[in-house]
């Protein structure tokens with residue numbers, strides 16, 4: 001039997017359930033992780049949990065049995081948990097590492113395995129590579145029951161949702177937020193954040209906060225195209241001034257303003273920098289992924305904040321947050337971390353922070369965005385994800401890396417960067433970028449222009465050129 005090598009992508013290992021994401025393969029990954037833990041810790045302890053996806057408890061059971069079979073203590077989350085809950089649990093319980101069984105925003109046919117470090121964020125690229133190198137071709141899954149390992153003291157069940165909500169209560173005045181003149185709608189996208197807002201903000205309007213492992217057939221990614229019900233709810237309900245959405249494991253964020261208009265991650269990053277620097281008087285480095293708008297650099301220059309650009313993958317941002325004084329770390333896909341919280345993406349925390357911003361200033365999200373635009377100027381960003389075969393996807397990227405494109409229709413460029421993918425700085429003041437997904441047969445085209453029409457036109461011209 002030929003055993004496929006298991007590779008970790010931008011954010012963990014992800015694969016289609018029952019095709020490659022099987023109990024046996026999860027056990028193989030767990031064995032590799034167990035071997036790494038035993039090499040690096042004298043008495044390793046891990047925190048493990050799963051989100052709402054199909055098979056979560058089954059895959060957690062397989063990983064837990066392998067860990068216990070290796071003599072590793074497992075702190076096992078009760079019920080569904082978000083990725084930030086696992087990261088917080090690892091940090092607050094002084095564990096060696098964490099595991100979340102989740103495929104985040106991927107389509108419902110996928111599941112995945114994310115590694116979390118002792119610092120309370122994604123494991124470092126170096127540690128992930130070391131675990132990956134130790135994944136065996138074959139593994140024996142212990143036949144003993146979980147109850148057997150619990151009796152041996154190797155499994156302890158913990159309530160991470162309660163820990164997380166208690167933490168939020170220390171960070172935010174929910175009495176004030178619940179009595180705010182601004183009302184919030186929250187779309188959990190059937191994901192792991194579904195209980196938190198219900199418990200913390202009982203006055204919020206809730207959408208898709210039920211258990212549905214198939215996500216109603218849609219990828220739980222907080223993009224405008226996936227959130228039409230949230231947009232419509234806000235547009236027809238005058239008292240709703242904010243729409244918050246989080247992805248399948250609740251680490252990514254999407255927002256809507258009072259008119260039901262989508263506010264993307266670029267704007268959210270800008271809003272958080274503006275709030276923390278101007279209104280809270282905080283300082284620190286801003287760390288952004290390569291695909292984030294250059295307007296961040298403009299805003300940071302205004303507030304005299306240093307900026308660092310990383311490859312795409314929040315693990316690169318988190319790694320810097322552990323060693324440096326970072327104010328905001330963010331990526332285009334909606335994963336954002338802020339000073340004063342764990343070095344982890346957290347859609348719910350970020351959303352509450354901006355809801356707090358609105359209530360402290362008495363301003364709507366639109367008004368706060370206008371404050372930012374006074375400094376940065378207005379811009380429109382869009383992303384087009386093309387599902388194409390991997391060989392075609394790789395050919396396009398190789399052509400771009402070899403300077404094979406002179407222009408894209410009428411759009412010419414003056415500078416090219418290749419930190420992660422290929423980014424073209426256009427002569428119109430915008431930019432466009434090509435990048436292959438690390439987890440799916442998808443080519444991403446990113447574009448920023450001066451208007452919605454121009455941005456969509458850039459995307460169309462690029463498609464014509466490369467396909």
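The values are calculated or read from the model by the stated rules, or taken from the named source; none is laboratory data. Please read all numbers here as calculations on a predicted model, not as lab measurements. So basically every Cβ, Gly included, is an ideal-geometry build from the backbone, and we count neighbours across all protein chains shown.
Scan the range 379-388 and tell me whether some residue there is assigned to a helix (DSSP H, G or I) and either out of contact with any strand residue (DSSP E or B) (no Cβ under 7 Å at 6 or more places or on another chain) or within 25 Å of residue 431 (Cα to Cα) (or both).
Keep residues of the range 379-388 that are assigned to a helix (DSSP H, G or I), which gives none.
No: the range 379-388 contains no residue that is assigned to a helix (DSSP H, G or I) and either out of contact with any strand residue (DSSP E or B) (no Cβ under 7 Å at 6 or more places or on another chain) or within 25 Å of residue 431 (Cα to Cα) (or both).
Quick check on the range 27-39. Is at least one of its residues assigned to a helix (DSSP H, G or I) and under 22 Å from residue 218 (Cα atoms)? No, the range 27-39 has no match at all. Filtering 269, 234, 273 for residues that are over 30 Å from residue 298 (Cα atoms), in contact with a strand residue (DSSP E or B) (Cβ under 6 Å, 6 or more places away or on another chain) and touching a residue at least 12 places away in the same chain (Cβ under 8 Å) leaves a single hit, 234. Restricting attention to the range 312-340, the residues being touching a helix residue (DSSP H, G or I) at 6+ places or on another chain (Cβ under 9 Å) and assigned to a loop (DSSP other than H, G, I, E, B) number 7. Checked against the criterion of being modelled with pLDDT of 95 or more and closer than 21 Å to residue 98 by Cβ, the candidates 148, 157 yield just one match: 157.
Every residue, every condition in (1) within 30 Å of residue 442 (Cβ to Cβ); (2) without any contact (Cβ under 8 Å) to a residue 40 or more places away in the chain; (3) out of contact with any strand residue (DSSP E or B) (no Cβ under 7 Å at 6 or more places or on another chain); (4) not in a helix (DSSP H, G or I), yes or no:
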residue: 111; (1), (2), (3), (4): yes, no, no, yes
residue: 132; (1), (2), (3), (4): yes, no, yes, no
residue: 156; (1), (2), (3), (4): no, no, no, yes
residue: 166; (1), (2), (3), (4): no, yes, yes, no
residue: 169; (1), (2), (3), (4): no, yes, yes, no
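If the condition is being touching a residue at least 40 places away in the same chain (Cβ under 8 Å) and either surrounded by fewer than 22 Cβ atoms within 10 Å (Cβ to Cβ) or under 16 Å from residue 284 (Cβ atoms) (or both), then the range 355-367 contributes 356, 357, 359, 360, 361, 364, 366. Close Cβ contacts (under 6 Å, 6 or more residues apart or on different chains) running from residues in the range 371-400 that are free of Cβ contacts under 8 Å to residues at least 60 places away in the same chain to residues that are in a helix (DSSP H, G or I) and surrounded by fewer than 18 Cβ atoms within 10 Å (Cβ to Cβ) are absent.
Would you mind stating whether residue 107 is surrounded by fewer than 24 Cβ atoms within 10 Å (Cβ to Cβ), within 18 Å of the chain's Cα centre (by Cα) and either part of a helix (DSSP H, G or I) or not assigned by TED's automatic domain parsing to the domain that holds residue 332 (or both)? So residue 107 fits the description; yes.
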